[in-house]
Each structure stands twice: as structure tokens, then as C-alpha cells.
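Below you'll find the structure, written out as C-alpha cells, and then a few comments.
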Amino acid sequence: MKRKGFTPARFKQGFTLMELLVVMAIMAALAALLLPALGRAREKGRRTICIANLKQIGMAIHMYAEDYYERFPGNGVEDTGSSEMGFLFPRYINASPVWDCPGDKKSSFATISNHLLSNSSYAYDDEHLESEDLDIKLALAADRGVSKTLIKKSNHSIEGVNVLYVDGAARWVPADDAGNIRTSDVSNKEDLKD
């Protein structure tokens, strides 16, 4: 018994070349629209991890200061190259990946040996005491390279930097089109040492 309108030969036909090309063009257009959005979402995720790292570093620095008479760790003596930031590990920070920003394009990870922190993704300004006026514009740590014009190899390209302020706040500071950070956002950017 045959049903009306049913023809088996009709199901044996495939798509024409033109139909396949139209479908592929539509898929390519959708991919072109979605890929930049996915890239931006990945970068926002990297920024979020970076801010979390800076907040953890900030908490560790403030805990260190409570134990050492309101004194933040030193960034080092120029003659010896030593750094007290390594003293934060393992007592205050027990995971060394905290020193690595996921947006940093460097080839090797941060290391701590004999309390010397090297190859960190973050710059630090050791010129402050915890008891100082907690100026919102006074940066304690930031993505490496904040004191110079940002370049494509900076942690977050030329878009901006994550900054940890002395009061413990951490936030994203956008750069201008040339990759410069305004002094009004980071008043002591020249003091941040890589």
C-alpha cells in the first residue's frame, strides 16, 4: 500500500553544491562573529584571575606588615638583588602560581629561592608603610610594565593593567590608545619596580 505523496526516489537526492556553499558561508559568517567575542571573554577571564592573584598578594603583604611592625616587605637592596617578597612564601602565600598572571606571555614561571622572588608577572612598590594614609591612587603592586608605555607583550596587551592599591583594593585600569596609564589612576607608577 502506497501513501499518497510518498516517493522513495525523493529521499535519495542529496544537497546541491549551491545549497552546501550557502550553508558553509552562513557558518563562516557566524564563526567570524563569535570568535572575537570568545577571545574577549577569555581575556576577561585572565583579568579576573590576575585581580584575584593581586588581591591574594595584597592580603599576604598586609599580614606580613602585621607581623613586622607595619612594614611592608622590601623590594630589594640594589647592590645585592635580594628581595623580601620571597618571605611571603610559604607562610603567607603557599602557591607560587599566584606570582604568575595568566595573561603574561613570558616563557618561564616565577620562582622563589632563598627568599628571592624572580620572574614575577607583577611589579611592586616597597616605599610604603601599612600605617600610611591609604590613598586610593597609591599603587602597591600592578601588572609588570605599568611604569612604561604598555606594549603587545604586556600582561594584558595595550588595553590596560590590573592594579593593587595600598588600601587593599584591586581594579582594572584601562590605558589610552597609545598604551599609557594616566597618573591620576596610578600616582606612583614610576616607583613600581618589575
*Any idea how far apart Ile26 and Glu127 come out in nm if each label point goes 7 Å out from Cα toward Cβ?*
6.2 nm
_Inter-label distance, nm, simple model (7 Å from Cα along the C-beta direction), Arg40/Ser96_ = 3.7 nm
_Let me check I've understood the local charge: for Leu164, count other residues with C-beta under 11 angstrom from its C-beta, Lys and Arg +1, Asp and Glu -1. What total comes out?_
-1
_Suppose the chain between Ala52 and Glu19 were pulled fully straight at 0.36 nm per residue; how much longer would it get relative to their current alpha carbon spacing?_
7.0 nm
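Values in this text are rule-based calculations from the coordinates and carry no lab data. Bear in mind the structure is a predicted one, so any value in this text is a computation, not a measurement. Positions of Cβ are backbone-derived with ideal geometry, glycine not excepted, and every protein chain shown enters the neighbour counts.
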